[in-house]
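Values in this text are rule-based calculations from the coordinates and carry no lab data. This is a predicted model, so every value here is computed, not measured. A quick note on method: Cβ atoms are made from the backbone with ideal geometry, for glycine too, and the neighbour counts reach across all protein chains shown.
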Amino acid sequence: MPPIRKVAVFGASGTFGTPITAALLNAGFEVTIVTRAADGSSSSSSPPTTSKTFPAQVASVVEVDSYGDVAALAAALAGHDAAVSVLGPAALAHEAALVDAAAAAGLRRFVVNDFGWGQNPRCFPEMREVGARRHVAWDRARDRADADPAFTWTGVTIGNPIDWALRRFPRMGFNVAERTAAIYDSGTETFTGTTLEGIGQAVVGVLRHPEATANRFVKARSIQTCQNELLDAFQNQNNNNNNAPGQQQQPWTVTHDSVAGLRESSRQKRQAGVAGWILDLLVAQLYDEGEARCVVAPSRQDSDADLLGIREETAQEVAAKALGLAG
């Protein structure tokens with residue numbers, strides 16, 4: 001398969017789209033950003049220097065009126081080798097249209113919108129229902145590849161986006177702003193995670209190795225860890241910061257909780273129609289002791305990390321990133 005050079009990105013300014021776009025640019029790919037026109041009117045192309053949202057190095061920014069317009073999307077994708085979809089949950093209904101447009105434009109690779117747990121056989125039944133919306137586009141990509149061998153797809157399964165999630169969601173057990181930790185059960189259940197750096201590198205690796213990553217989900221991971229290990233890392237970061245002149249951090253306050261209680265609260269919220277039940281259930285799944293529900297690959301050798309070029313990170317590095325002390 002010839003090298004992939006020209007790549008279009010959907011959702012380039014999002015949480016995962018930003019590091020993915022930066023990684024592609026740093027790796028030397030020619031990047032086009034496809035975005036929805038804010039005022040509802042599309043333009044064929046605008047110079048990247050006119051945008052305050054996207055890096056100046058991108059080759060072009062193409063606006064479309066709708067992510068559901070297959071013809072307009074195919075026109076935007078014409079001449080590219082590959083496309084990456086990192087659109088947010090609100091746009092999931094349009095993912096199948098993106099696949100159709102990529103196939104119509106003659107792209108050789110479409111990276112489907114996974115960047116989560118992928119096809120996780122160990123997840124709670126309720127999470128299968130939540131993830132079913134993504135399967136529509138995944139199935140469409142398989143059908144397109146079956147019909148046209150020149151069209152291929154890849155899904156990138158990252159597990160927990162760990163540095164971002166730890167900083168963003170105290171429900172995971174670590175409130176980095178208040179320096180409090182809630183340890184679920186024994187705190188020893190391991191799970192795998194991929195940092196934002198690793199997510200960006202995963203996409204670069206997929207496109208650099210098109211044959212080895214074709215028509216399958218690749219397994220990314222930056223670390224396998226547990227709550228106790230992360231707590232030690234956060235506390236060590238706290239101690240290190242206390243050694244800096246003029247910096248005095250409060251020690252971490254640790255409490256204990258149970259996965260059973262968290263799962264029950266998620267079910268009650270779900271039945272009552274209260275928001276937040278999905279996050280509660282995700283955390284309960286993450287720490288369900290002895291079940292390994294959130295291990296994308298039980299070892300680095302069982303993952304695609306080496307193929308993709310994702311470096312192994314330590315709990316100390318992850319804690320530093322979550323605290324905003326490292327890039």
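Before moving on, here are some points about what is shown:
- The calculated FRET efficiency for Ala132 paired with His256, based on their beta-carbon distance and R0 = 30 Å, is about 0.30.
- Radius of gyration and maximum dimension Dmax of the range 1-145, Cα, Å: 15.1, 47
- Measuring nothing but how far apart in sequence close Cα pairs (under 8 Å, 6+ apart) lie, relative to its length, the range 69-111 scores a relative contact order of 59 percent.
- Nearest 10 degrees, 0 to 90: helix 277-286 Cα axis against the chain principal axis: 70
- Backbone HN-Hα couplings from phi across the range 146-158 [Karplus 6.51/-1.76/1.60, Hz, Gly and Pro as x]: 5, 7, 9, x, 6, 9, 10, 9, 8, x, 10, 8, 9
- Over the Cα atoms of the range 268-327, the radius of gyration divided by the Kirkwood radius equals 1.11; this is the Rg/Rh ratio.
- For the range 205-327, the square roots a ≥ b ≥ c of the C-alpha gyration tensor eigenvalues yield an a/c of 1.5 or more together with a/b not exceeding b/c, which makes the shape oblate.
- When the range 60-147 is reduced to its Cα atoms, the Kirkwood hydrodynamic radius in Å: 13.7
- When each of Met1, Met127 is scored by the number of other beta-carbon atoms lying within 10 Å, the sequence from fewest to most is Met1, Met127.
- Computed on the chain, with alpha-carbon pairs under 8 angstrom and 6+ residues apart, the relative contact order is 17 percent.
- Where the Cα pairs of the chain fall when distances are cut into 10 Å bins, in %: 6, 25, 31, 24, 12, 2, 0
- Net charge dipole, the chain: roughly 320 debye, given to the nearest 20, about the Cα centre with Cβ charges of +1 for Lys and Arg and -1 for Asp and Glu.
- Tensor-based shape of the range 135-281 (alpha-carbon gyration tensor, a/c under 1.5 rounded, otherwise prolate or oblate): oblate
- Distance between the range 248-316 and the range 82-102 - C-alpha centres, whole angstrom: 27
- Antiparallel DSSP beta bridges within the chain, as percent of all bridges there, nearest 5: 15
- Dividing the convex hull volume of the alpha carbon atoms of the range 153-240 by its residue count gives 105 Å³ per residue.
- Three semi-axes of the equivalent ellipsoid, the range 96-175, Cα gyration tensor, whole Å, largest first: 30, 14, 10
- Less than 5 angstrom separates the built amide H of Asn120 from none of the residues sequence-distant by 5 or more or on a different chain.
- Whole-number percent relative contact order across the range 97-190, with pairs defined as alpha carbons under 8 Å at least 6 apart: 32
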